[in-house]
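Notes for the one structure printed next.
The values are calculated or read from the model by the stated rules, or taken from the named source; none is laboratory data. Just so we're clear, the structure is a prediction, and the values are computed from it rather than from any experiment. A quick note on method: Cβ atoms are made from the backbone with ideal geometry, for glycine too, and the neighbour counts reach across all protein chains shown.
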Amino acid sequence: MRAIVPRLLAVSLFLAFGAHAASTTPPATPKHVVSETLAGQAVTDPYRWLENPTAPEVTKWIEAQNAYTEATIGAMPLGKELSARIRELAITSTTRSSPTLAGGTLFYFENTPPQPQPVLVAKAWPDGATRTLVDLNKGDGNTAITAYWPSPSGRFLAYGTAEGGSELTTIHILDTTTGKPLADELPWAGGGTTPQALAWDADEKGVTYARFATPGKAKPLREFDAYLAHHTIGEPAAKDKTVFGKDYSHVAEYILLDSEGGRSTALLANEGDGGPADVFVREGQGTFRKVLDQKADARSASWVGDRLFVVTFAGAPRGKVVAIGADGKPVDVLPEGKGAIQHVTALGDGFLVVRSAGPDWWADQYDGKAAFVRRVPLPATGVAIGGVAAEKGQSKALITYAGWTQPTRWAEYDGANGSIRTIFEVKPAADYSKVRVTRVEGTSKDGSKIPVTVISMDGVTPNGKRPTILYSYGGFGIPVTPGFIGPNLAWIERGGVLAYANIRGGNEFGEAWHEQGQKLRKQNVFDDFYAASQALIDAKWTDTKHLGILGGSNGGLLMGAALTQHPQQFRAVVGSVGIYDVPRHETAFANGPYNVSEYGTVVDPEQAKATLAYSPLHNVKKGTSYPAVLLTTGANDPRVAPWQSRKFAAALQDASTSGQPVLLLTRMNAGHGIGAPFSQRVGNAALSMTFFATELGLGE
């Protein structure tokens with residue numbers, strides 16, 4: 001899955017709040033029971049008919065649910081006020097992201113709110129003029145740039161585009177010296193289930209890229225069996241040759257990494273999400289040869305000079321670094337240390353290592369002999385380090401970071417003398433100096449300690465009933481990191497509280513922290529989240545009548561499990577693009593098999609039993625007093641089937657006796673939330689916050 005829906009700006013649909021007559025009951029949902037046996041257990045599914053989005057009865061049902069949700073939200077009193085404030089706070093100064101250096105040119109995304117989509121720009125590093133290379137903001141703003149890859153000299157640029165949240169990528173190539181696109185167009189280039197990947201030839205006459213097989217009239221697109229193809233610039237894509245991946249894995253995922261000048265290419269190949277990679281290396285346009293298998297538990301890599309530095313976790317729960325030289329043999333470079341390794345980047349004749357321990361992040365510098373040089377002088381707490389851009393032979397690196405109260409900054413770090421200076425920063429739309437960050441700690445069922453970051457305004461102290469929103473994710477090794485709260489200031493400036501939990505399933509404390517939330521141990525994730533919520537109550541920040549929870553994607557699964565396992569613990573729940581019928585996710589949706597490495601497979605009887613024990617849809621109990629629930633999904637979502645939310649909403653609407661609303665909103669021109677335009681992101685934040693404000697009593 002590998003997608004985290006960020007905080008309240010999570011998914012997409014602009015909702016105009018107005019006067020609506022809200023019905024007190026949701027639309028009726030017929031039951032057509034399908035029965036089957038899974039791991040010896042009888043399973044009934046009365047809502048399987050909702051899986052067919054083209055059926056007229058399903059279309060009408062979606063329309064009725066959308067109307068019910070819009071009417072209910074539209075009648076909530078703070079909608080217009082919060083929507084206006086969120087939009088105001090979202091219009092910051094120009095933002096920048098995803099920097100990459102190639103051939104002395106810095107490439108990055110730039111966005112000036114309320115511009116719908118970022119533009120792709122370039123400038124001679126460090127002080128050249130900025131040039132816009134790709135701008136897709138004409139039209140409705142629903143075409144997004146998915147990724148980009150400059151050639152070794154920086155003369156050419158490959159970039160991917162996708163429509164309407166589908167993530168299905170087409171790669172284009174342009175000449176950066178003229179700004180003119182080449183005729184080359186590479187369709188079916190991954191997206192959603194399989195991430196995009198591309199590496200340039202050293203002579204810049206071709207690229208190797210990930211793709212699916214070309215569909216045809218009798219051969220529909222199958223987002224499986226991705227392979228690597230080589231494309232020669234100027235030739236039609238139909239002539240592209242397969243160079244890797246035939247029979248590698250039905251659920252193959254690839255990461256390609258060029259060495260300096262493109263002379264060597266590394267390949268990290270995964271069998272689905274969440275698992276370790278096989279590592280391959282090739283010289284020039286030779287054959288990829290395996291240098292590490294999955295037993296090494298490799299998770300990331302980077303070229304440092306002529307050697308490939310690989311972060312492995314075998315026997316090192318927080319990660320160690322090994323180097324692959326010309327002979328293809330791994331040599332230990334850096335042993336496991338304090339903090340989990342997140343990524344490594346070359347710097348001068350040495351390298352930088354970015355580490356984390358729960359919500360704390362830092363970067364350490366090492367010389368060419370892997371001797372420690374210094375800690376990079378960034379804030380010691382409350383920030384997370386994003387991209388690091390550097391080029392061979394240079395002692396300076398561009399480091400991006402942001403924090404709870406600090407929007408994105410770019411810093412130029414000089415590894416020769418340890419100096420650092422800010423060269424770019426986003427100017428926020430309001431004063432965040434009175435925002436206060438504190439921490440509490442929960443104790444999970446097995447004794448594991450769970451850090452919880454609490455964010456409030458100065459003067460807002462625990463009184464046992466603060467309207468509080470708790471967020472987490474808990475899967476795929478994705479950490480919950482300090483990130484600028486931005487428009488969420490609209491919540492805390494009215495006396496509300498935000499909280500973020502570092503539960504298992506992420507990699508904040510290393511790969512062991514991730515693995516303890518996988519497969520047969522997935523219940524740890526839900527126990528950790530409950531412990532985090534109880535810590536907020538024990539610390540007198542809130543109580544069960546004022547506690548809301550938020551999550552998306554895998555975090556949507558977390559929301560479903562939390563509310564079915566502990567329905568009395570929470571007053572309101574927002575789940576975005578979530579998985580709620582876990583067995584059917586694996587067996588009846590393209591992305592499901594890709595997630596087996598994270599969730600396990602229900603083909604295994606033991607795993608099937610464990611999955612059914614937490615699968616939210618299978619644990620909805622008739623006659624239960626459930627909290628207020630808002631579910632959102634996107635009709636074009638390639639990562640989680642929209643019918644997941646439909647079935648779960650129907651089950652909760654039928655079962656709940658609380659009288660609290662159970663709402664479902666389906667966005668028809670959106671997907672998983674990735675690449676959503678500005679207005680959709682702002683609209684969804686207003687939707688979620690209005691719902692929470694009403695249900696949790698914000699401002700009362």
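Once the stretch 165-184 is narrowed to residues that are hydroxyl-bearing (Ser, Thr, Tyr) and under 26 Å from the mean Cα position of the chain (by Cα), the residue that is surrounded by the most Cβ atoms within 10 Å (Cβ to Cβ) is Thr169.
I'd like the full set of residues that are within 18 Å of Lys621 (Cβ to Cβ) and polar (S, T, N, Q), limited to the stretch 548-591. If the condition is that a residue be within 18 Å of Lys621 (Cβ to Cβ) and polar (S, T, N, Q), then Thr564, Gln565, Gln568, Gln569 are the ones that fit.
Pick out the one residue from Gly319, Gly328 that is touching a residue at least 40 places away in the same chain (Cβ under 8 Å), surrounded by 15 or more Cβ atoms within 10 Å (Cβ to Cβ) and on the phi > 0 side of the Ramachandran plot. Exactly one residue qualifies, and that residue is Gly319. If the condition is being within 17 Å of Ser444 (Cα to Cα) and in a loop (DSSP other than H, G, I, E, B), then the stretch 532-559 contributes only Ala539.
When each of Ile62, Ile73, Ile86 is tested for being touching a Phe, Trp or Tyr at 6+ places or on another chain (Cβ under 8 Å) and surrounded by 17 or more Cβ atoms within 10 Å (Cβ to Cβ), the lone residue that passes is Ile73.
Yes or no: Pro116 crowded, with 19+ Cβ neighbours inside 10 Å, more than 19 Å from Pro181 (Cβ to Cβ), under 21 Å from the mean Cα position of the chain (by Cα) and modelled with pLDDT of 95 or more? So Pro116 does not fit the description; no. The numbered conditions (1) under 29 Å from the mean Cα position of the chain (by Cα); (2) exposed (fewer than 14 other Cβ atoms within 10 Å of the Cβ); (3) among the hydrophobic types (A, V, I, L, M, F, W, C) are all true for Ala238 except (1).
All of Ala512, Ala539, Ala490 fail the test of being crowded, with 23+ Cβ neighbours inside 10 Å and either without any contact (Cβ under 8 Å) to a residue 12 or more places away in the chain or among the aliphatic types (A, V, I, L, M) (or both), apart from Ala490. Inside the stretch 259-269, can you point out the residues that are at pLDDT 95 or above and not aliphatic (A, V, I, L, M)? Ser264, Thr265, listed by residue number.
Let's see how each residue does on (1) farther than 27 Å from Ser259 by Cα; (2) touching a Gly at 6+ places or on another chain (Cβ under 9 Å):
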| residue | (1), (2) |
| --- | --- |
| Ala397 | no, yes |
| Arg421 | yes, no |
| Arg436 | yes, yes |
| Gly442 | yes, no |
| Gly464 | yes, no |
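The combined condition, being closer than 30 Å to Thr312 by Cβ and among the basic types (Lys, Arg), is fulfilled by Arg504. Across the stretch 181-211, the number of residues qualifying as modelled with pLDDT under 95 and over 16 Å from Leu256 (Cα atoms) comes to 2.
Remark: Thr408 falls outside the filter, which requires a residue to be assigned by TED's automatic domain parsing to the domain that holds Gly486, under 21 Å from Phe484 (Cβ atoms), in a strand (DSSP E or B) and among the hydroxyl-bearing types (Ser, Thr, Tyr).
Does Gly165 satisfy the criteria of being out of contact with any strand residue (DSSP E or B) (no Cβ under 7 Å at 6 or more places or on another chain) and not in a strand (DSSP E or B)? No; evaluated as a whole, the condition is false for this residue. Does Leu498 qualify as being within 18 Å of the chain's Cα centre (by Cα) and either in the same structural domain as Gly483 (by TED's automatic domain parsing) or at pLDDT 95 or above (or both)? Judged against the criteria, Leu498 is not a match.
When the stretch 94-142 is filtered for residues that are out of contact with any Pro (no Cβ under 7 Å at 6 or more places or on another chain) and of a type in the set (A, V, I, L, M, F, W, C), the ones remaining, listed by number, are Leu101, Val119, Leu120, Val121, Ala122, Ala124, Trp125, Ala129, Leu133, Val134, Leu136. Filtering the stretch 451-486 to residues that are hydroxyl-bearing (Ser, Thr, Tyr) and within 29 Å of Ser300 (Cβ to Cβ) leaves Thr453, Tyr471, Ser472, Tyr473, Thr481. Residue check: Arg299 meets all listed conditions (1) crowded, with 17+ Cβ neighbours inside 10 Å; (2) of a type in the set (Lys, Arg); (3) in a loop (DSSP other than H, G, I, E, B) but one, namely (3).
Checked across the stretch 43-54, the condition of being outside any helix (DSSP H, G or I), under 30 Å from Lys609 (Cα atoms) and of a type in the set (Phe, Trp, Tyr) holds for at least one residue.
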